[in-house]
């Protein structure tokens, strides 16, 4: 099949508005009479609230309302388990828990008023480490846990454990009995913020009919409407979510955050209310990546092939579980303890645990980078012990067609072998290194194409353009451009003949929103089918005017013409006019739902090359080579951006990004302290794209949004070991950790 628009490096449809400053983000929105909200947060990790004195705050000129939990419905909220208060009523559970909220004419006045609220606390024992929180006698954070709505069905009877997720293949006990060698190692990972530049923001107003209007930096508008209806105790029909551009997401823009407070303050004052989190609040009380403690016990036979693996994965959930969207409140990335490897006997146990720390949510590839860091690090550790080249060790154990993942999915079209070969070849694996203290390391991973549902509406307008209506937010990935390319390909139209309209939640009934590497899959399929249906409508309409059957006609260059006779045809604008003259419209709507993961997954293999200064432990990443099993690439420009963006995200997780703190109190409360990678940290990036047409995405594509992040930490850890012989088993891998390990190695 010859493609004319799909496969071309097309610029973003929303690009001009964003680079010119014309795009309106939530924090830019101004409504008549709008006022500002601000939140008072707890300074203690665990405490009873004895009293709250609001008198000084209420007396401050310009303050219009001050509320506590006593002034709003007594409900708990969440994306899955409902365990999170809108405002803390009797107890706070982490430093940053919300206690009161203020509305004022000016944001500075609101900030000042928050500082005038006096709260008396009785401090309670706290627990910060998830392993300690699981022990008998640990402080219990949620005494009424069993009464919460949407409680995970498999919540175990272990102190502070929210959920247990287990995966089993074969008989792990029998597998270990057959093993020639058994290796066991424990790895730890850190808190990591998503690092988007736009903080959470919301504006809420209520119109004369009582409808609640919400503008928010949220990527799941329909789910947000459902959650707000539960939280505000109103029917969903009273709420409409208006979509605005989202200034970065990386998994973090799915929670309700301060939106309910905006509503309560708006109702109390009768005016629209805006709330914008500061970055100190983002780092203190956002929904960062879960820290994890991962223990892998792996058995191999005499040929160096895997026989069995048992994995224990403990995720630090923080004070609440409500930021997680998964119904069983688990992190499904725990299944990646299998890696990309054939393991006949496999047992994985994953736990999410309450602690008195910042509540955690989803970040690019939830759980995947933590697990792949551990899996790929252990791969090289075992290879060294067995005396096998790390590349050859992987090749011995890779997944093959028909193998099952830990989730039970049997795979088809497995391309990890070709992908790893391509990465090793492009990186010069096995070739001479340029100098001493330079090392190379491999990391591999896979990421399923996301599931969910989406809608697309297409309508032929009287100017000959096609209007594409979507309610999928563009989080910065170029999703709307991709949808436009798909429609243009089916309808044989130039890109400027399809325009994008972003609807509200009034436009469709439901859909799952952006995330989980699913947008091009589900919204793309909705667009593909809607375009095919519109094409049929256009051909049927043209057949009446031209006296030919639809099969004798084709669409080309903005008109319908007779096949083999380009001189006979009718312009698309004329078709729309003819239909509307009869009171009809050439319009189609398609709803697409992918309820189960396909048997095809997307593989990524990377080789990192680093140089380590043995005197200081400082790491310089020289090059990262990435081979990606991509299927059909719809937009090479956007696709490469996703690959490189994912690598850079993984680079930060590997080396620099960490929300540091002690006893529940974070010390990294600005982006200056947090250390996102900047342009000088980015190494040479080489990409090899392996294409085919076997993916489930329109035209045979596969996922790309999250898969390139996960292999980076393991590849870098392995490269550091190759360079200077020290193994760091806790991320991020800082110069201080390497320096200490080198000093210890020198003593030995």
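So for segment 216-257, Kirkwood radius off the Cα pairs, Stokes-Einstein at 37 °C and 0.692 mPa s: how many µm² s⁻¹?
Estimated via Stokes-Einstein, D reaches 304 µm²/s.
Given N residues in segment 555-667, what is Rg(Cα) / (2.2 N^0.38 Å)? The partial results should precede the final answer.
Working: Rg = 27.0 Å, N = 113, 2.2 N^0.38 = 13.3 Å.
My calculation over the Cα atoms of segment 555-667 gives 2.03.
Just checking my list [x] 1.16; [y] 1.76; [z] 1.00 against Cα Rg over 2.2 N^0.38 Å computed from this structure; which label fits?
Given [x] 1.16; [y] 1.76; [z] 1.00, the structure-derived one carries the label [z].
Of the DSSP beta bridges with both residues in segment 288-346, give the percent that are antiparallel, rounding to the nearest 5.
In segment 288-346, approximately 80 percent of DSSP beta bridges are antiparallel ones.
What is the Rg over Rh value, at two decimals, for segment 180-273, using alpha-carbon atoms and the Kirkwood definition of Rh?
Result for segment 180-273 is an Rg/Rh of 1.23.
Sequence gap at least 6, Cα distance under 8 Å: using those rules, report the relative contact order of the chain to the nearest whole percent.
16
Which value at 222 nm does the chain reach when only helices count, each DSSP H run of 4 or more adding -39,500 (n - 2.57), with the total divided by all residues and rounded to the nearest 500 deg cm²/dmol?
Value at 222 nm, helices only: -8000 deg cm²/dmol.
With both bridge residues required to lie in the chain, what share of the DSSP beta bridges run antiparallel, to the nearest 5%?
Values: 104 of 133 bridges.
Bridges in the chain are about 80 percent antiparallel.
Please compute one quarter of the surface area of the Cα convex hull for segment 496-535 and express it in square nanometres. Walk me through the numbers on the way to the answer.
Numbers: hull surface 14.8 nm².
Over all viewing directions, segment 496-535 projects a mean Cα-hull area of 3.7 nm².
Would you mind checking the radius of gyration and Dmax of segment 510-575 based on alpha-carbon positions, in Å?
15.8, 48
How are the alpha carbon pair distances in segment 451-594 distributed across 5 Å bins from zero to the largest one, expressed in percent?
2, 11, 20, 22, 17, 12, 8, 5, 2, 0
If you take the alpha carbon radius of gyration of segment 307-441 and divide it by 2.2 N^0.38 Å, what ratio comes out, to two decimals?
1.24
Give the distance, in whole Å, between the Cα centre of segment 166-243 and the Cα centre of segment 327-352.
The distance from the Cα centre of segment 166-243 to that of segment 327-352 comes to 19 Å.
We did not get these values from a lab; they are worked out from the coordinates using the rules stated. Given the structure is predicted, the values throughout are model-derived calculations rather than measurements.
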